[in-house]
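The values are calculated or read from the model by the stated rules, or taken from the named source; none is laboratory data. Note that the structure is a prediction, hence the values are computed from the model and not measured. Reconstructed Cβ throughout: ideal geometry from the backbone, glycine too, with neighbour counts over all protein chains shown. Note: areas computed on protein heavy atoms with side chains; ligands, DNA, RNA excluded. Shrake-Rupley method; radii C 1.70, N 1.55, O 1.52, S 1.80 Å.
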Amino acid sequence: VAEGWLPPAGESQALETPLSLGWRLLQLLCEHRPAELLTRQTFLTLSRYVHTSSAPQLVIAASLLVRLLKLPPSALPEPGNDPRDAWPMERMLALSGVVEAHKRQQPTLPGELLPLHIQLFAELSALAHLRTAMEPSVLDAPAWLCALTELVPVVRFLLRERPKEGETVDVVAELPQRWLGQLESLRFDVLLLQEPWTVQMHESLLTFAVMKLGGSKREGLLSASPRSLPPHAAHTPPPLCTASAAAVQVRLALLQELNRLLLAHVHVVFSGCMDLRHSLGADLARLRTLLLPEVKQAVWRAALDAVSPTRTPEE
């Protein structure tokens, strides 16, 4: 190439113009070759983007970061060598301030969900706390952040696939310490949770519990004592017919705590957007059958009140 040669102006402009397919290509890479995006430079670029309030694709950028942070160790190119260890998590931790600023500037009505990109920011902040092993309660973090750092591992625990033969579930490592301590304070044996249950098994448990405990009681199942769940009959479907009463009761106590947390923070986490299938909102949509009837009714009433503030009590 001759010294001093420059491409024509039109060609130079075309080369410098970002492709409209860029985000779609990133999404495809994240879906099929996510390990290729685990570079520090990719993280820095995406993290700068989500901190730009006027950026038009905040949902896509945030969802890409969520997917990359949730990538399991088995998907890494080199086991034991995680490129994410070099990522500066301070950028993700700072997103909690963005969430708080949005809540102050644009307060939501009861029952109104936060915008999708703000929900993703909240999840990113929680994932960063979990990755850095920082305890948000020690940092005087907002209640929603403490709740999300508990919901993320619990949802992962409930959605986990059945382990292969010979594999065990380490509930002490997977579930939040506060939850384990609460179950133990109620004199439940948390090691009973090591038995792998599917979502359908938990759904059968809730159906049985609602029938036995939540029928005509005004307070519903949320405040019922798990130990008051009567022994299951021999004709009930698995796993109820094979599990011990203690194993079934500790599962019910776990689901009650999940519902209490969701009832208080559903506006931060329940997007119902299944398109972003790696997000916490999509995971919770997969667990919607584990939401107690009174929780669904409370959320639904609040949503109706938000769109119809002039409704009478009779309505």
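What residue, among those in region 117-154 that are small (Gly, Ala, Ser) and outside any helix (DSSP H, G or I), is modelled with the highest pLDDT? By that ranking, first place goes to Ala141.
Within region 265-273, the presence of at least one residue that is open to solvent by less than 20 Å² (accessible area, probe 1.4 Å), of a type in the set (A, V, I, L, M, F, W, C) and modelled with pLDDT of 85 or more is confirmed.
Among the residues making up region 68-104, those that are in a helix (DSSP H, G or I), open to solvent by 50 Å² or more (accessible area, probe 1.4 Å) and farther than 19 Å from Ala143 by Cβ are Pro73, Ser74, Asp85, Ala86, Glu90, Arg91. Checked against the criterion of being at pLDDT below 70, closer than 30 Å to Leu64 by Cβ and not in a helix (DSSP H, G or I), region 210-226 contains not a single residue that satisfies it. Within region 30-47, can one find any residue that is within 24 Å of Ala141 (Cα to Cα) and either modelled with pLDDT under 90 or in a helix (DSSP H, G or I) (or both)? Yes: one or more hits.
Look at region 169-182: where a residue is farther than 14 Å from Val155 by Cα and a partner is open to solvent by 10 Å² or more (accessible area, probe 1.4 Å) and outside any helix (DSSP H, G or I), sitting 6+ places away or on another chain with Cβ atoms under 7 Å, you get Val169/Pro163; Val169/Pro196.
Within the group Leu64, Leu114, which residue is assigned to a loop (DSSP other than H, G, I, E, B), at negative phi and surrounded by 20 or more Cβ atoms within 10 Å (Cβ to Cβ)? The unique qualifying residue is Leu114.
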